[in-house]
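Student: My questions will all concern the structure given below.
The values are calculated or read from the model by the stated rules, or taken from the named source; none is laboratory data. No experiment lies behind these values; they were computed from the predicted model shown. Methodologically, a virtual Cβ is constructed for each residue, glycine included, from the backbone with ideal geometry; neighbour enumeration extends over all protein chains shown.
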Amino acid sequence: MKDKAYSALASVYEDFMDETLLKEWKAYLLTLLKKYSPGKTGLDVACGSGIFTRAEAENGYKVTGVDISEEMLAAAQEKATEKKLNIRFLKEDMTKLSSFEKVDFITVVNDGINYIDPKKRVKTFKNFYKCLKTGGILLFDFSTKYKLEKVIGNNLFAEDNEDCSYLWFNELFSDRVEMELSVFKRQENGLYEKKEEKHTQYFMTGEDITSELESCSFTVLAENFLGGEVKEESQRIQIIAIKK
């Protein structure tokens, strides 16, 4: 039986991250926050193991991490404690986000929005809008339809590290990609434990997202991931949505 998304990955997620890309990504996110956020309070939604939550906290932002995965939240809390960072982490479904005081910014980094059923996206954006102060910003990136269709598609990916490995199987549908991951982690006795989990990411276009956000009264800016002009073959798009 396959576990829910990010239960198996939680303990090894950061082991597979590209450190060079992460450094550039953190700097990019912090630049956007400095440029657009009206203040220092925020939510990092779908925070996962807290990579970007920690980056925000380390740069003076009072941020709360939110995720639906108990395993990811446990990993995030452990890593924040190791860094002696006072970050609150809460379990909550981002499609039902509502129980917070208004904040200056919300970040959703690394495909979090791709996981939302398209039927629930507008409602989710409306909830984000309610959580923001006037002038507050919603920052999120998403993997484009081009990437999910042409790059991920029906392909198999794998990575093998010293203490953990994964196999990533993908199946392409008309509106989504369904992903099955097998994660192998070395145990103290030298044997490997195998865990499996399933993910679904939905197709999105910049036009669809802009229209949905504008219907929620956001002012919307879009750019290519890490800056620049959005192109037909862009694999990731960054959205900056400002509450009027």
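Student: Name the residue that is surrounded by the fewest Cβ atoms within 10 Å (Cβ to Cβ), counting only residues in the range 13-67 that are of a type in the set (Ser, Thr, Tyr) and more than 28 Å from GLU197 (Cβ to Cβ). Outline the logic, then answer.
Tutor: So the first thing to find is which residues in the range 13-67 are of a type in the set (Ser, Thr, Tyr), and the list is 13, 20, 28, 31, 36-37, 41, 49, 53, 61, 64.
Next, from what is left, pick out any that are more than 28 Å from GLU197 (Cβ to Cβ): 28, 31, 36-37, 41, 61.
Values: TYR28: 15, THR31: 12, TYR36: 18, SER37: 22, THR41: 18, TYR61: 22.
Looking at residues that are of a type in the set (Ser, Thr, Tyr) and more than 28 Å from GLU197 (Cβ to Cβ), I get THR31.
Student: Could you check the range 29-128 for strands (runs of 3 or more DSSP E) lying wholly inside it with 3 or more residues that are under 15 Å from the mean Cα position of the chain (by Cα)?
Tutor: 41-45, 62-67, 103-108
Student: Going by what's in this entry, would GLY50 be described as in contact with a Lys or Arg (Cβ under 7 Å, 6 or more places away or on another chain), within 29 Å of PHE203 (Cβ to Cβ) and modelled with pLDDT of 95 or more?
Tutor: It is true that GLY50 is in contact with a Lys or Arg (Cβ under 7 Å, 6 or more places away or on another chain), within 29 Å of PHE203 (Cβ to Cβ) and modelled with pLDDT of 95 or more.
Student: Further question: Taking the range 192-236 only, how many residues are outside any strand (DSSP E or B) and of a type outside the set (D, E, K, R)?
Tutor: Number of matching residues: 18.
Student: Kindly establish whether ASP44 is touching a Pro at 6+ places or on another chain (Cβ under 9 Å) and touching a residue at least 40 places away in the same chain (Cβ under 8 Å).
Tutor: For ASP44, the condition - touching a Pro at 6+ places or on another chain (Cβ under 9 Å) and touching a residue at least 40 places away in the same chain (Cβ under 8 Å) - is not met.
Student: Working only within the range 147-168, note down all residues that are surrounded by fewer than 16 Cβ atoms within 10 Å (Cβ to Cβ) and not in a loop (DSSP other than H, G, I, E, B).
Tutor: First, pick out the residues of the range 147-168 that are surrounded by fewer than 16 Cβ atoms within 10 Å (Cβ to Cβ): 149-151, 153-163.
Result: GLU149, LYS150, VAL151, LEU156, PHE157, ALA158, GLU159, ASP160.
Student: How many of the residues making up the range 115-144 are in contact with a helix residue (DSSP H, G or I) (Cβ under 8 Å, 6 or more places away or on another chain) and either of a type in the set (S, T, N, Q) or without any contact (Cβ under 8 Å) to a residue 40 or more places away in the chain (or both)?
Tutor: 6
Student: Among the candidates LEU226, LEU191, LEU213, which residue alone is at negative phi, surrounded by 13 or more Cβ atoms within 10 Å (Cβ to Cβ) and not basic (Lys, Arg)?
Tutor: Of the residues listed, the single one that is at negative phi, surrounded by 13 or more Cβ atoms within 10 Å (Cβ to Cβ) and not basic (Lys, Arg) is LEU213.
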